[in-house]
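This report concerns only the one structure given below.
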Amino acid sequence: MKHSDLHSDAYASERDAADPLRHFRDEFLIPLHEGKPQAYFCGNSLGLQPRGVRAHVEEVLDKWASEAVEGHFREPAPWMPYHALVREALADLVGAQPGEVVAMNSLTANLHLMMVSFYRPTRERPAILMEAGAFPSDHHALESQVLFHGFDPATDLIEVQPDEEDGTFSMQAIERAITENASRLALVVWPGVQYRTGQAFDLAEIARLAHAAGAVVGFDLAHAVGNLPLRLHDSGADFAVWCHYKYVNAGPGAVAGCFVHERHAHTDRPRFAGWWGHDQGTRFQMRPEFIPTPGADGWQLSNPPILGLAPLRASLELFGRAGMDALRAKSETLTGYLEQLIRARLPSTLQIVTPRDPRRRGCQLSLRVLGGRGLTGRRAGRDLFDYLATQGVIGDWREPDVIRISPAPLYNHHADVLRFVRAAEAWCG
Ligand SMILES: Cc1ncc(COP(=O)(O)O)c(C=O)c1O
């Protein structure tokens, strides 16, 4: 197929008609722009609302109205074990055993809770290793933990510098940093997909390297969950945390996720405890001693926000139906199409920062704007970004100079990708 064909409406609609997952788009509410659905590429920030969410939220509101406190116990979907309603689907989504996952709190809160148990620095091994340029909340959390334990972030928070020209990391750079610091490392925290560049990592290999160095390893999967098939249990990670408002489409500030490997199910590591983490069989005996529930559930603090969990039921149901492997296959095609069109039609306008190898990325392409309309650098980037929004093409902007475009296989189609490329071409003039 020639590039000119790729750029045609006929090509895009043919591909969309052949897409076995095309009906999932109808399961979402897509915001309108001038009466027409937006081309929405911002699932890396906030995923769209599944139509099924409203019924689950209304079910909770109705139950509260008609049953009040009895709603904790009465079928269907009693609130007492409500978090367990998402357990199986969540375990499937991240490749874990059911007892290894729990939906609770928010991402940063879970990261702290995990570090309370899994970052146990000593004078000999005080250090945490992370990627330079990490999402600020991760940096704040890790730095504050180092300080909390009385160590010095200047020496004990080791930030691995990207060694590839687009600001991405070779596996060799990660390996070198881990082995060079092996004797001082208490913990390695690494992203599944880097938020700014969209680079995906081999988590099993990073876990292997960290463990060989004698360190504990945890992953931030904010940009990986619902984007890439994950095999968390097999990766050997000690813990992982993620949010559900991006690719999982569970709504703004949705209840987050947490994984604790089964080998820690009965750990006697210290933890910050709360009554919802207490052994379920005796929780309501209201005794002062804390006996943790085995597995990830044992890190829960409070009774869960039912209204916050309700949308997650609807969104996980879609992943269950579509299947993560099928979604990934479509995602590779869709992002590959975006890449091909950018390289063919916009080579002097957009530089793709995200790795070219599909095994090293998820659905997101991070784009640096080289220039256009007589502008260069950041000013060109902002100008294009603002122009795209006026055309109903929604990506997002990350300082200092990156536009992120993330075709989500559940609701984006080839026609959206074509619309983005044409809008960028129109901006160039
Ligand atoms: C990689 C990463 N880590 C942490 C966070 C912070 O998440 P939260 O506000 O849910 O704690 C985000 C938010 O987008 C993120 O992208």
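The values are calculated or read from the model by the stated rules, or taken from the named source; none is laboratory data. The shown structure was predicted, so the numbers you read here are calculated from the model rather than taken from an experiment. In this analysis, Cβ positions are derived from the backbone assuming ideal geometry, glycine residues included, and neighbour counts consider all displayed protein chains. We work out accessible area using only protein heavy atoms, side chains counted, and drop any ligands, DNA or RNA first. Shrake-Rupley method; radii C 1.70, N 1.55, O 1.52, S 1.80 Å.
Some observations on this one:
- If you take all other residues with their beta carbon under 12 Å from the beta carbon of Lys36, and give Lys and Arg +1 and Asp and Glu -1, the sum is -1.
- Proximal aspartates and glutamates to Lys63, defined as alpha-carbon separation beneath 15 angstrom and excluding residues fewer than eight positions away on the same chain: Glu75
- Using θ = phi - 60° in the Karplus curve 6.51 cos²θ - 1.76 cosθ + 1.60, the 3J(HN,Hα) couplings for the stretch 60-70 round to 5, 4, 5, 5, 4, 5, 9, 10, 6, 4, 5 Hz; x is entered for Gly and Pro.
- Sites listed here are trypsin sites (Lys or Arg not before Pro) in the stretch 357-429 whose DSSP assignment is loop and whose Cβ has at most 14 other Cβ atoms within 10 Å: Arg373.
- Seen against the Cα atoms of the chain and their longest principal axis, helix 136-148 is set at about 30 degrees.
- Reachable aspartates and glutamates from Lys330, criterion Cα separation under 18 angstrom, eight or more residues apart if same chain: Glu14, Asp16, Asp19, Asp26, Glu27, Glu339, Asp357, Asp416
- Rg ratio (alpha-carbon, reference 2.2 N^0.38 Å) - the stretch 253-329: 1.38
- Summed residue charge, Cβ within 14 Å of Gly377's Cβ, Lys/Arg positive, Asp/Glu negative: +2
- Surface composition of the chain: carbon plus sulfur atoms contribute 53% of the solvent-accessible area (1.4 Å probe, protein chains only, all chains present).
- HN-Hα J in Hz across the stretch 420-428 - Karplus 6.51, -1.76, 1.60, θ = phi - 60°, x for Gly and Pro: 4, 5, 5, 5, 5, 5, 5, 4, 5
- A DSSP coil position with no more than 15 other Cβ atoms inside 10 Å describes the following chymotrypsin sites (Phe, Trp or Tyr not before Pro) in the stretch 267-373: Phe272, Phe290.
- Per-selection metrics, the stretch 125-208 (Cα): Rg and Dmax in Å: 12.4, 36
- Linear extension gain, Gln172 paired with Arg359, 0.36 nm per residue minus alpha-carbon span: 65.7 nm
- Build a GNM of the chain with springs between Cα atoms under 10 Å apart, and of Phe41, Phe73, Phe201 the one that fluctuates most is Phe73.
- Couplings 3J(HN,Hα) for the stretch 102-114, derived from phi with the Karplus relation 6.51 cos²θ - 1.76 cosθ + 1.60 (θ = phi - 60°), are 8, 9, 6, 6, 10, 4, 5, 4, 5, 4, 5, 4, 5 Hz, where x marks Gly and Pro.
- Net charge dipole size for the stretch 60-153 [Lys, Arg +1 and Asp, Glu -1 on Cβ; Debye, nearest 20]: 280 debye
- Its Cα gyration tensor gives the stretch 83-242 an equivalent ellipsoid, and the semi-axes of that ellipsoid, as √(5λ) in whole Å with the largest first, are 24, 18, 15.
- Among the protein heavy atoms, those of Asp325 account for about 100 Å² of accessible surface (1.4 Å probe, every chain in place).
- Quotient of C-alpha Rg and 2.2 N^0.38 Å, computed over the stretch 273-429: 1.50
- Amide hydrogen neighbours beyond the local backbone of Val216, cut-off 5 Å, H modeled: Leu187, Val188
- Residues whose placed amide H lies under 5 Å from that of Lys246, excluding near-sequence neighbours: Gly47
- Candidate aspartates and glutamates for bridging to Lys246, where Cα separation is under 12 Å - those fewer than 8 sequence places away on the same chain excluded: none
- Largest GNM mean-square fluctuation across Ser406, Ser137, Ser106, computed for the chain with C-alpha springs under 10 Å, falls on Ser137.
- Once all protein chains are placed together, Ser348 keeps about 90 Å² accessible to a 1.4 angstrom probe.
- Of all DSSP-defined beta bridges confined to the chain, some 60% are antiparallel rather than parallel.
- For Tyr40, solvent-accessible area (1.4 Å; no DNA, RNA or ligand), Å²: 30 Å²
- Taking a ≥ b ≥ c as the square roots of the eigenvalues of the alpha carbon gyration tensor, the stretch 1-141 is oblate, as a/c is not under 1.5 and a/b does not beat b/c.
- With a 1.4 Å probe rolled over the protein heavy atoms of all chains, the accessible area of Leu388, Leu301 falls in the order Leu301, Leu388, largest first.
- The stretch 116-161 versus the stretch 263-282: alpha-carbon centroid distance in Å: 25 Å
- Taking amide H as placed 1.01 Å from N in the peptide plane, Tyr195 has its amide H under 5 Å from the amide H of Phe135, each at least 5 places away in sequence or on another chain.
- The base-10 log of I(q)/I(0) for the chain, evaluated at q = 0.05, 0.09, 0.10, 0.12 Å⁻¹, reads -0.18, -0.59, -0.73, -1.01 [Debye formula, identical scatterers on Cα atoms, solvent excluded].
- Accessible surface, per residue, of the stretch 109-211 when the full set of protein chains is kept, probe 1.4 Å, Å²: 40 Å²
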